[in-house]
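Visitor: This is the structure I want to talk about, given as structure tokens.
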Amino acid sequence: MNLLKDDWIPVRPLQSGSPEKISFRRLLCGDEKWEVCLPRDDMELAAIQLLICLAQPLFIPKTVPELKQRIAKPLAEKDFEEGITPPNGDWFQLDHPKYPFMQMKGAKSITQMDKLMTGLDSATNCCFVNEPGLATHLCGGCTSIALFNLASCSPSFGGGFKPGLRGPAAPITTLVQGRHLRESIWLNVLHESEVKRIMPWYHEAEYQKPTWVEPIKANEKIAAQQIGLMRGLLWQPAFVELVTSSGEGTCSSCGYRGKRVYIAFNKDKFNYTVEGKWPHPHSPMILTQKKEEIREEHASFKTSTAPSWTQIARIVVQQQIDTDNTEGQQPAAVVLQVQQIYGQQAQKLHLLIGGYLNRGGQASVLGRRHEVFTLNHGWDKHTDVVRQIVTTGLGYKDALFKSLWVFVNGLKASKGNNGKKIKGLGEKLKLHEIATRHFYRRSESEIQDTLARIDFTDPAPALAKMQRSLKLTVKELFAESVRPYLQDPELIKTMAVARKTLNKHLRNLEPQKDEGGNDGTATT
């Protein structure tokens, strides 16, 4: 199966119709409107990202007008043919006899196919999010998507296997979503000048071969600033070779019957070192300064409870390290490009945000997050408001957490307590952590709705509405948390102190009034 020529992309018509598989040519050159159709959201995001990573080096637009034309209209057939001419066309065959797509022949350690699909057999929550037998035998299309996803977006196999170019912590992927699949692809393809901006060595490495054609050498030391565009986007950090069945079969993921299905794969370890960070265009970057050195890492989800909105400022707001900020952030290049080329002409920004959660760079997946966020028109000129929305939301979360922490842990003897110790409920119940999870769940729709509907030129009314909603949510959660202990005489004082703590933090979150007594928000 050749990814540039055969029907392998699982889609369905955007309006209505049955799922089918189409070719890359039909997707880019046809005027039909499609959306990806797979049983798992992370596999759908991986399919979109794989298509972008194919289009980016093969059909790179030279100028902004050329990119805008491709976003608006299908690609010309002659341009498609020019992009897939040999040797490129031979590099994307999944079962090529010499250099199969994202594989290296000769691996010996046989592994079941479900290990190829991230989080299927090694996730803490795998039994709750996957259908049984989802990856027992995969068609060429689903295999290619899973192979790419494991190499580019997931933790490694573990046990000595190297992670992808974005590091051992599973990276956050941020893509711009269009009205249909073809538009989404081109919205996330960088034009040549933007590629040169993030990758000044682009032309020197323009004709590098991908890792499965020119393999990484064992124990090799590789400078990230020498890795080319195609080689980096389709980097394969593991020694993998697929194993096929002897005949036809039905894919356990997408349900299509094909001439060949893949039932297992071989893998082997090999060691090498990548020095520096490769500027992946689909990931936000976090900058931290220690002494005189600035360190870079790709953003990742750190906790299993915090939803994606807590990271939205990092995803769209650029911040340099300076005297006021010891930590900086750089949105993904595809987000910055949309901001630059459309600016005031842009309508709402729809972001696809996805990633896995793993602890300390370990291979085991603890969860996954794949969501769509909408930012209203004008976000690009008012990123400070985006930051304020996130900061305010986190402020209400902290108010709830801190007040219930007092209820759980009590207070030590101090002057403020008249020299007396205040007894707490006891740490074993961890009400503050339970309430935090409930806050994230109940507040998520309010935060997302604010980002999608706020008038960025006059944000005060929307911010006031959000604050009223979050304040009510916090008070309800506090009351629900302490209600079982209302009749406990030993906790009456603790409860009063905890409520006083809550009210103090809530007052601190109220908008500051100006000299005329106005708080800058809409009246209630």
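Visitor: What is the distance, in nm, between label points placed 7 Å from the Cα along the Cα-to-Cβ direction at Glu35 and at Arg468?
Guide: With each label point 7 Å from Cα toward Cβ, the separation is 3.3 nm.
Visitor: Something else now. If packing is taken as the average number of other Cβ atoms within 10 Å across a peptide's residues, how do 220-229, 144-153 rank, most packed first? Numbers along the way, then the final one.
Guide: Values: 220-229: 15.8, 144-153: 25.2.
In descending order of packing, they fall as 144-153, 220-229.
Visitor: Right, next: Hey, of (i) 25.7, 83; (ii) 22.6, 72; (iii) 26.1, 107, which did the structure itself give for Rg and Dmax of the Cα atoms in Å when calculated?
Guide: Structure-derived value, by its label: (i).
Visitor: Among 249-255, 263-269, 137-143, what's the highest-first ranking by average C-beta atoms within 10 angstrom per residue?
Guide: So the order, starting with the most tightly packed, is 137-143, 249-255, 263-269.
Visitor: Let me ask you something else. Restricting to the stretch 201-287, compute how many DSSP beta bridges are antiparallel as a %, nearest 5.
Guide: Numbers: 8 of 11 bridges.
That works out to approximately 75 percent antiparallel.
Visitor: Which order do you get for Val372, Val338 if you rank them by accessible area with a 1.4 Å probe, largest at the top?
Guide: Val372, Val338
Visitor: Sequence-distant or interchain residues sharing an amide H contact under 5 Å with Leu351, placed H: which?
Guide: Here the answer is Gln177, Phe373, Thr374, Leu375, since their amide H atoms fall under 5 Å of that of Leu351.
Visitor: Please report the antiparallel percentage of DSSP beta bridges with both residues in the chain, rounded to the nearest 5.
Guide: Expressed as a percentage, antiparallel bridges in the chain total about 95.
Visitor: Hey, another quick one. In Å², what does the accessible area per residue of the chain work out to with a 1.4 Å probe?
Guide: So the chain comes to 46 Å² accessible per residue, rounded to a whole number.
Visitor: Here is a follow-up. So for each of 503-509, 163-169, 487-493 I average, over its residues, the number of other beta carbons within 10 Å; can you give me the resulting order with the highest mean first?
Guide: 163-169, 503-509, 487-493
Visitor: When the solvent-accessible surface of protein heavy atoms is calculated with a 1.4 angstrom probe, in what order do His203, His432 fall, highest first?
Guide: Highest to lowest solvent-accessible surface, that is His203, His432.
Visitor: I need the phi-derived Karplus couplings for the stretch 184-190: 6.51 cos²θ - 1.76 cosθ + 1.60, θ = phi - 60°, integer Hz, Gly and Pro marked x.
Guide: After applying 6.51 cos²θ - 1.76 cosθ + 1.60, I find 4, 4, 6, 5, 10, 9, 7 Hz.
Visitor: Moving to a separate point now. So if each residue of separation counts as 0.36 nm, and I subtract the Cα-Cα distance between Glu275 and Glu476, what length gain in nm does that give?
Guide: Length gained, Glu275 through Glu476: 67.3 nm.
Visitor: Grab the Cα-Cα distance for Thr288 and His438, subtract it from 0.36 nm times how many residues apart they are, and report the gain in nm with one decimal.
Guide: Roughly 50.9 nm would be gained on extension.
The values are calculated or read from the model by the stated rules, or taken from the named source; none is laboratory data. This structure is a prediction, so every number in the text was calculated from the model and none was measured. Positions of Cβ are generated from backbone atoms using ideal geometry, with glycine treated the same way; all protein chains shown enter the neighbour counts. Remember, those area values only see protein heavy atoms, side chains included, never the ligands or the DNA or RNA. Shrake-Rupley method; radii C 1.70, N 1.55, O 1.52, S 1.80 Å.
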